[in-house]
Structures are given as structure tokens and as C-alpha cells.
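Comments concern the structure below.
Derivation of every value follows stated rules applied to the coordinates shown; laboratory data play no part. The shown structure was predicted, so the numbers you read here are calculated from the model rather than taken from an experiment. Counting neighbours? That spans all protein chains shown, and the Cβs are built from the backbone with ideal geometry, glycine included.
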Amino acid sequence: MDHQYRWYKNKRGNKIWWLDNSSDTVGEFIFSFDKEKQYNLFADYPNALSPEELEVFKEEEPYWADFFRERE
């Protein structure tokens, strides 16, 4: 089945886009900085992010940055 998912930002002006794929998945959090290259929060954070992306993520998503603090 081909679905069109919606990208959204938690706050206006943020650089991080989140993919609303909740109708097909449970517990998968996909985010992107450009809606092209996608990251899986649980699999890719923090190692797959560039240093610049990591800083933006920490600033815009402090809850998740704190949640994964031990991975750094």
C-alpha cells in the first residue's frame, strides 16, 4: 500500500522535521533536517548525525537529547 506521509515541525522556525507515519508504525520516530535524508531516532541517534546536526537536535529536542544522554 502506498501512503503519503506528512512532515511537520514541533515548533515554527525549527530545523528538524518529523515524519508522521503513526498510521503504519508504532514506536518508530523518523526525523530529517531536509526531508530527504532520514534518521531513525532509536537506531541513528547520535552516531549518524553530523556535529552540526547533533547541536541542532540537542537545542530543538532537549527531551530526546536527555533521554539518550548515555549514548554520547
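Can you work out ³J(HN,Hα) from phi for every residue in region 30-38, in order, using Karplus 6.51 cos²θ - 1.76 cosθ + 1.60 and θ = phi - 60°, giving whole Hz and x for Gly and Pro?
For region 30-38, the Karplus curve yields 9, 9, 7, 9, 9, 6, 10, 7, 10 Hz.
Suppose each label sits 7 Å from its Cα in the direction of the beta carbon; what would the Leu54-Arg69 distance come out to in nanometres?
Taking the two extended label points, one gets 1.7 nm.
What are the extents of the Cα atoms of region 6-71 along their three principal axes, in Å, largest first?
Taking the Cα atoms of region 6-71, the three principal extents are 30, 25, 20 Å.
If a paramagnetic tag sat 7 Å from the Cα of Lys37 along the Cα-Cβ line, which residues of region 54-69 would have the backbone N under 14 Å from that point?
What the label zone holds, given the 14 Å backbone N cut-off, is 54-57.
Note the angle between two axes, namely the Cα long axis of helix 51-60 and the longest principal axis of the Cα atoms of the chain, as a number of degrees from 0 to 90, rounded to the nearest 10.
It works out to around 80 degrees.
For a quick check: sort Tyr45, Tyr5, Tyr63 by the number of other beta carbons within 10 angstrom, fewest at the front. Each step should come with its number before you reach the end.
Values: Tyr45 22, Tyr5 13, Tyr63 7.
By the 10 Å Cβ count, ascending, the order reads Tyr63, Tyr5, Tyr45.
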